[in-house]
Structure formats: C-alpha cells, structure tokens
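**Student:** If you scroll down you'll find the structure; I have some questions about it.
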Amino acid sequence: MFSGRKILVGVTGGIAAYKAAEVVSRLRKLNAEVHVAMTKSATEFITPLTLRSLSANPVYVDMFEEPKHWNVEHIALAQHIDAVIIAPATANILAKMTIGLADDFLSTVLLATRAPIFVAPAMNEAMYLHPATQANLTQLRERGIKLIGPSTGFQACGTEGVGRMSEAAEILETLSLFFSRVEGLKGKKVLVTAGGTQEPLDPVRYLGNRSSGRMGYAIAQVLQEAGAETILVSAPADLPTPQGVTRIAVQTALEMYDAVLERFSEVDVVIKAAAVADYRPAVLAEQKIKKDGTNLTLELVPNPDILAELGRQKTSQILIGFAAETENLMANAQGKMLRKNVNLLVANDVTKQGAGFGSPTNIVSFLFPDGRRIDFPQMSKLEVARNLVHEIANLLGVNKGVN
Ligand code: PMT
C-alpha cells in the first residue's frame, strides 16, 4: 500500500513529537518515500538528526537555510508529495492552518500543497476542548482535512483526558485505508447532480429553491478522490468545481434531464443530490412582466421526474436518490425509494437545524430496498459524502477499503 508513496511527515512542538520517530520509521519500512518538515519548537523535543536517519532524507526546518536542492524547496515538496501527516499536530499548527498562516517551512508547504492532509492532534485536554480549537477543527474538517484521534488517557501534564496523540499503528492504518480507497473506484464512471434548478419566468426572474450545491459538490469531490471518473451536472451554484471533476452547467430541470439522460448509458452510477423543480412556468414571458396593481396568476406545468425516468431505464447502473422532506421523513422517503427504483435513498429532514439546504452539515439516513436503514448523526457534508461513497463501493462490489 505504501510502496513508492511520497509522504511528508510534519512534526510540531509537543511532547508527543518523539512518537513521530515511530511513524517515520514504520512508513520507511513499508517502502514509502518519507520526507520530514519540523517546526522550530519540534526540534526542542526531537532532533532533526533522528528523523533524518530514520527517513533517509534531509529534514526541513528553516525557510531560509541553505537549500538542499536547486529548486524553490517548499513549492517543489508541496507538489511532489502524495499525502501529508502532521503528527503531532499542536493547537498552534491547527490554528495556523485554519487561517492560512504561512510563517515557517511546514505551514508554507501546507498552504502550497494540494495533497490530502491528515492531522493527529496532541495537546492537553483543556486546550483540545477549548472552543477556539474545536472551531478550528470543525473548519479544517469541512475543508476536507482528515483527523486521526486524539485518544483519551494519561497526559504529560499529569492529568487524564482527551488529547493524546494516536499511536503510530492507528495513524498508519488510516493512511493505508486512504490509499486503498484512492484506487477503489478507479475505472468507474459516475455522474452526480447538484444545486437547485432555476425555471425562468421572464428575462429577469425565475422560480428557484434554496439548494447551494454543497452536498452534491462534496459527493463529486469524494468520488473523484476515490478514483472515479466524475461528471458533475450542476444547476447554478457558487462553488468551485472540485479538482479533476468535469462540470456540466445547466439551469433548468429540462436541461438537467437532457444532460443526465444523454450520459446515462455510459455511466456506472448516478447520484441525484440536486433539488429539481417539480414545476416550471407554462409560458416564458419574452419581456419583463410588468406590475399593474392586480393579482398575478402563474400557470405551472410539471417537469419530468429525472430520477424516476432513470429508474425506469436503468440496466446495470447503481442509482442513488435523495429525499428532502419537511414531514413524515421515513414514510415519504420510503415511498420515493420504491417509486423511483433506486438502490439507495438518502433521506434528510430539511427542517432540522444543521441539515439540508445551504448548511455545511447534514443529518441523513440511508435507506435500502432490502429494508436496511443507517441513521447518521449531524456531520459535515464531506463526511456524509464519504459514507455514501463507501456504500456505493459496496453496491458496486469493489474495494471494501473505500470509506
Ligand atoms: O445543495 P445543498 O444546499 O447542499 O442542500 C442539499 C440538499 C438538501 C439539496 C440535498 O441534501 C437533497 O436533499 N437533495 C434532493 C432535493 C430534492 O429535490 O428532493 P426531492 O425529495 O424533491 O426529490 C427526490 C429525488 O428525486 C431527488 O434525488 C431529486 O434529485 C430527484 N428529482 C426530483 C424532481 C425531479 N423533477 N426530478 C428529479 O430527479
């Protein structure tokens, strides 16, 4: 799993820095190419010489020391690596990462790299539970940074509590799962829909809904990270296209219908996270509709149900639907799952705080036609996406390591 992987181990200044030696040593034994960047304070706890000997590579500490190679080292390293693990990660580095501060070699590489970043926090319980640290961790998780630990137990300050750095074995297991996942959906082609369709009334107005696209974009990102060729059919959304994903922009339900149906026969999976308008205005006014002081009645005609049509046409494809409900969540979601002939339905009660439209988090249940149901607590949309991609891998019968 690790052979040839280029991994940067970031070491920051906490008593758990000695455990970084084991992380580096184990990675090297598993044939990873290991690089180490330390903060100045980390060097007070463990010497660069130790980590240089264990990694068999020069150790980076100072931005301005004599370069080890001819190139701009922090940028070259940032582009070279496949993953970063910061172990231990102090409250200070987490805070710097949250605001994007780049005042030494390690924090600069963290800003410059697009490789996945894992952090193994280690600090005193009070510091870990402080609202500032917790808010930073929430933001970092939302950005896709993966947390390992911390665990609970005896702390160097003499107390018991949460904040101990995870052991090297657990860190390696998480990294190994990640690398196996990257290969998990290789060779699969998936299509995700996201955002809320807009149904024009006249040249300046439309009927829309509150979908931000966050849920669908998170799913597209995780699918792409899992190795799938990912097409994102997106209604208007003010979000950057995840790296490596092909985005097809649409506005209306009819445009989304065409874009999805056209590609259906060539994909293995479709995930319909978009909020599609059930109705559109019967007439599109050529000019801006003027007010004349009287009531205005709009005639609406039904849009096609894209998911139901896919459910009718599907051959070997895996079909995932969403249900956005404001009442009778499970009964309504169950009905949609059966009517639309999907393999998995993601139910969310969009009236709940922290769930549904616009929010960075969601609260969902996965329903399966065989009667199975998994209820999840509130979690970031990226975490929902990871759980969903894990189930998709199971449905496709591929790599069990996808999660
Ligand atoms: O985008 P965010 O701000 O992150 O919000 C996420 C979300 C709330 C939009 C998402 O979690 C969600 O629930 N998406 C589905 C919204 C929806 O339209 O639900 P629905 O219950 O009305 O539709 C059921 C399913 O049929 C959905 O998969 C929908 O894409 C599909 N559908 C609906 C109508 C239609 N004409 N064609 C469809 O394909």
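The values are calculated or read from the model by the stated rules, or taken from the named source; none is laboratory data. Bear in mind that the values here come from a model prediction, so they are computed numbers and not experimental data. Cβ sites come from the backbone with ideal geometry, for glycine too, and all protein chains shown count toward neighbours. Just so you know, the surface numbers come from the protein's heavy atoms only, side chains and all, with ligands and any DNA or RNA stripped out. Shrake-Rupley method; radii C 1.70, N 1.55, O 1.52, S 1.80 Å.
**Student:** With the requirement that a residue be of a type in the set (S, T, N, Q) and either part of a loop (DSSP other than H, G, I, E, B) or closer than 13 Å to Ala324 by Cα (or both), what does region 342-383 give you? Before the answer, list the steps.
**Tutor:** Residues of region 342-383 that are of a type in the set (S, T, N, Q), as a first pass: 343, 348, 351, 353, 359, 361-362, 365, 378, 380.
Hits for region 342-383 are Asn343, Asn348, Thr351, Gln353, Ser359, Asn362, Ser365, Gln378.
**Student:** Let me ask something additional. Starting from residues that are part of a loop (DSSP other than H, G, I, E, B) and among the aliphatic types (A, V, I, L, M), keep the ones in region 384-403 and report whichever is most open to solvent (accessible area, probe 1.4 Å). Walk me through it before giving the result.
**Tutor:** Applying the first criterion (part of a loop (DSSP other than H, G, I, E, B)) to region 384-403 yields 397-403.
Next cut, among the aliphatic types (A, V, I, L, M) only: 398, 402.
Details: Val398: 31, Val402: 0 Å².
The residue in question is Val398.
**Student:** Taking region 194-226 as the region of interest, how many residues are more than 10 Å from the ligand (Cβ to nearest atom), open to solvent by 30 Å² or more (accessible area, probe 1.4 Å) and farther than 24 Å from Ala83 by Cα? Walk me through it before giving the result.
**Tutor:** First, the residues of region 194-226 that are more than 10 Å from the ligand (Cβ to nearest atom): 198-208, 220-226.
Filter again for open to solvent by 30 Å² or more (accessible area, probe 1.4 Å), leaving 198, 200, 203-208, 221, 224-225.
With the extra rule that they be farther than 24 Å from Ala83 by Cα, the set shrinks to 198, 200, 203-208.
Qualifying residue count for the region: 8.
**Student:** Tell me which residues, restricted to region 184-201, are modelled with pLDDT under 95, in contact with a helix residue (DSSP H, G or I) (Cβ under 8 Å, 6 or more places away or on another chain) and not aliphatic (A, V, I, L, M).
**Tutor:** Answer for region 184-201, where residues must be modelled with pLDDT under 95, in contact with a helix residue (DSSP H, G or I) (Cβ under 8 Å, 6 or more places away or on another chain) and not aliphatic (A, V, I, L, M): just Gly184.
**Student:** Just give me the residues in region 156-193 being assigned to a loop (DSSP other than H, G, I, E, B), of a type outside the set (Gly, Ala, Ser) and open to solvent by 10 Å² or more (accessible area, probe 1.4 Å), in sequence order.
**Tutor:** Once the filter is applied, which keeps residues that are assigned to a loop (DSSP other than H, G, I, E, B), of a type outside the set (Gly, Ala, Ser) and open to solvent by 10 Å² or more (accessible area, probe 1.4 Å), region 156-193 yields Cys157, Thr159, Glu167, Lys186, Lys188.
**Student:** Looking at Arg247, Arg263 in this structure, which one is in a helix (DSSP H, G or I) and more than 10 Å from the ligand (Cβ to nearest atom)? Please lay out each step first, then the result.
**Tutor:** Working: Arg247 fails: in a helix (DSSP H, G or I).
After applying the criteria, what remains is Arg263.
**Student:** Continuing with the same structure: When region 144-171 is examined, which residues are found to be closer than 26 Å to Leu388 by Cβ, more than 16 Å from the ligand (Cβ to nearest atom) and out of contact with any Phe, Trp or Tyr (no Cβ under 8 Å at 6 or more places or on another chain)?
**Tutor:** Initially, region 144-171 is screened for residues closer than 26 Å to Leu388 by Cβ, giving 144-149, 166, 170-171.
Filter once more, keeping what is more than 16 Å from the ligand (Cβ to nearest atom): 145-149, 166, 170-171.
Of everything in region 144-171, those that are closer than 26 Å to Leu388 by Cβ, more than 16 Å from the ligand (Cβ to nearest atom) and out of contact with any Phe, Trp or Tyr (no Cβ under 8 Å at 6 or more places or on another chain) turn out to be Gly149, Ser166, Glu170.
**Student:** Here is a list of conditions, (1) buried (at least 22 other Cβ atoms within 10 Å of the Cβ); (2) near the ligand (Cβ under 10 Å from one of its atoms); (3) within 23 Å of Asn387 (Cα to Cα), and Ala235 meets all of them except one; can you say which number that is?
**Tutor:** Result: Ala235 passes all but (3).
**Student:** Name the residue that is nearest to Gly184 (Cα to Cα), counting only residues in region 3-15 that are open to solvent by 10 Å² or more (accessible area, probe 1.4 Å) and in contact (Cβ under 8 Å) with a residue 60 or more places away in the chain.
**Tutor:** Let us first name the residues in region 3-15 that are open to solvent by 10 Å² or more (accessible area, probe 1.4 Å), namely 3-6, 13-15.
Next, from what is left, pick out any that are in contact (Cβ under 8 Å) with a residue 60 or more places away in the chain: 5-6, 13-15.
Numbers: Arg5: 16, Lys6: 19, Gly13: 36, Gly14: 35, Ile15: 37 Å.
Selected residue: Arg5.
**Student:** Looking at the structure I just gave you, is Asp305 surrounded by fewer than 16 Cβ atoms within 10 Å (Cβ to Cβ), within 15 Å of the ligand (Cβ to nearest atom) and on the phi < 0 side of the Ramachandran plot?
**Tutor:** no
**Student:** Any idea how many residues of region 308-342 are more than 9 Å from the ligand (Cβ to nearest atom), open to solvent by 40 Å² or more (accessible area, probe 1.4 Å), at negative phi and not hydrophobic (A, V, I, L, M, F, W, C)?
**Tutor:** The qualifying residues number 9.
**Student:** Identify, by number, the condition in (1) out of contact with any helix residue (DSSP H, G or I) (no Cβ under 9 Å at 6 or more places or on another chain); (2) part of a loop (DSSP other than H, G, I, E, B) that Ala237 doesn't meet.
**Tutor:** Checking Ala237 against (1) out of contact with any helix residue (DSSP H, G or I) (no Cβ under 9 Å at 6 or more places or on another chain); (2) part of a loop (DSSP other than H, G, I, E, B), the one that fails is (1).
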